[in-house]
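Visitor: Just dropping this structure here.
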Amino acid sequence: MEKKLRSLCIIGLGNLLLTAAYTLFAIPNNIVDGGVTSTAVLLSYYFNTNLTYTVCILTCIILAFSYITMGKSFFLKTLFSSLCYVIFFSFFSWSGVTIATSTLNSILIAGVLIGLGHYLCLKEKSSTLGYDPVALFCHKKNKKCSTTCILWIICSTILLLGSACFGIKIVIMGIMLVFIETQIIYWCSNRGSEF
């Protein structure tokens, strides 16, 4: 029981770091990271779909994929992670607090916080409901496929495809953010436990 509680606390801390990064640094500076929400924005832009429905559908697809490929325990921890994310994101959004800093500093700080948040969740066999389950599944099938490299490729591809929608400046900032966050995940996973 103590081990499960510790795991849930670590997942909660990971989501606290993630939501702080997005609400305090990334969103106020129009920095996107090529995740599921960015994919939904692109699909809505190119196919004229409702953004809210698109996010919900993509989220359900990722949840189903994580249950099928990663198992019940991973799925349940991912549900807990998602709940933490919504609660913390809502708290930070409602607070209206942002931290004024340059765009480059925001990219750096957000990248580090997001990388640490992702690492903490992945370490506890959980997802933040981005493309983590896809990257973990690829790594599970072929150990030569690095989880962080797969995340980098997926997110960067989405950002590049979104250049017409987001604009080149936002794409470049997003690629910088994804690079920093995946490097932090890679560095932490090499110093700590593997996923």
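The values are calculated or read from the model by the stated rules, or taken from the named source; none is laboratory data. These figures come from a predicted structure and were not determined experimentally. Reconstructed Cβ throughout: ideal geometry from the backbone, glycine too, with neighbour counts over all protein chains shown. Protein only, heavy atoms only, side chains kept; ligands, DNA and RNA dropped before computing areas. Shrake-Rupley method; radii C 1.70, N 1.55, O 1.52, S 1.80 Å.
Visitor: Return yes when I109 is open to solvent by less than 40 Å² (accessible area, probe 1.4 Å) and closer than 19 Å to D33 by Cβ and no when it is not.
Guide: So I109 fails the test.
Visitor: Can you pull out the residues in segment 38-81 that are hydroxyl-bearing (S, T, Y) and under 13 Å from D132 (Cα atoms)?
Guide: Step one: list which residues in segment 38-81 are hydroxyl-bearing (S, T, Y), which gives 38-39, 44-46, 49, 52-54, 59, 66-67, 69, 73, 78, 81.
Correct list: T59, S66, Y67, T69, T78, S81.
Visitor: Looking only at segment 1-10, filter to residues that are in a helix (DSSP H, G or I) and without any contact (Cβ under 8 Å) to a residue 40 or more places away in the chain; which one of those is least open to solvent (accessible area, probe 1.4 Å)?
Guide: So the first thing to find is which residues in segment 1-10 are in a helix (DSSP H, G or I), and the list is 2-10.
Those still in the list that are without any contact (Cβ under 8 Å) to a residue 40 or more places away in the chain too: 2-6, 9.
Values: E2: 156, K3: 170, K4: 147, L5: 106, R6: 138, C9: 83 Å².
Filtering first and then ranking leaves C9.
Visitor: Would you pick out the residues in segment 25-37 that are open to solvent by 20 Å² or more (accessible area, probe 1.4 Å) and more than 21 Å from A135 (Cα to Cα)?
Guide: Within segment 25-37, I27, P28, N29, N30 qualify.
Visitor: Exactly one of these conditions fails for S66: (1) surrounded by fewer than 19 Cβ atoms within 10 Å (Cβ to Cβ); (2) part of a helix (DSSP H, G or I). Give me its number.
Guide: Status for S66: all satisfied but (1).
Table: residues versus (1) touching a His at 6+ places or on another chain (Cβ under 6 Å); (2) within 21 Å of L136 (Cβ to Cβ); (3) in a helix (DSSP H, G or I); (4) open to solvent by less than 70 Å² (accessible area, probe 1.4 Å).
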position	(1), (2), (3), (4)
G12	no, yes, yes, yes
T19	no, no, yes, yes
T39	no, yes, yes, yes
T52	no, no, yes, no
I62	no, yes, yes, yes
K77	no, yes, yes, yes
S81	no, yes, yes, yes
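Visitor: State the number of residues belonging to segment 146-160 that are open to solvent by 50 Å² or more (accessible area, probe 1.4 Å) and out of contact with any helix residue (DSSP H, G or I) (no Cβ under 6 Å at 6 or more places or on another chain). It would help to see each step written out before you state the result.
Guide: Applying the first criterion (open to solvent by 50 Å² or more (accessible area, probe 1.4 Å)) to segment 146-160 yields 149, 152-153, 157, 160.
Okay, now just the ones that are also out of contact with any helix residue (DSSP H, G or I) (no Cβ under 6 Å at 6 or more places or on another chain), so 149, 153, 157, 160.
Residues that pass the stated criteria total 4.
Visitor: What tally of residues in segment 115-145 results from selecting those that are open to solvent by less than 20 Å² (accessible area, probe 1.4 Å), assigned to a loop (DSSP other than H, G, I, E, B) and closer than 14 Å to G34 by Cβ?
Guide: Residues in segment 115-145 being open to solvent by less than 20 Å² (accessible area, probe 1.4 Å), assigned to a loop (DSSP other than H, G, I, E, B) and closer than 14 Å to G34 by Cβ: 1 in total.
Visitor: Still on this structure: Among I87, I57, which is the only one that is among the β-branched types (V, I, T), in a helix (DSSP H, G or I) and more than 26 Å from T157 (Cα to Cα)?
Guide: Numbers: I57 fails: more than 26 Å from T157 (Cα to Cα).
Going through I87, I57 in turn, the sole match is I87.
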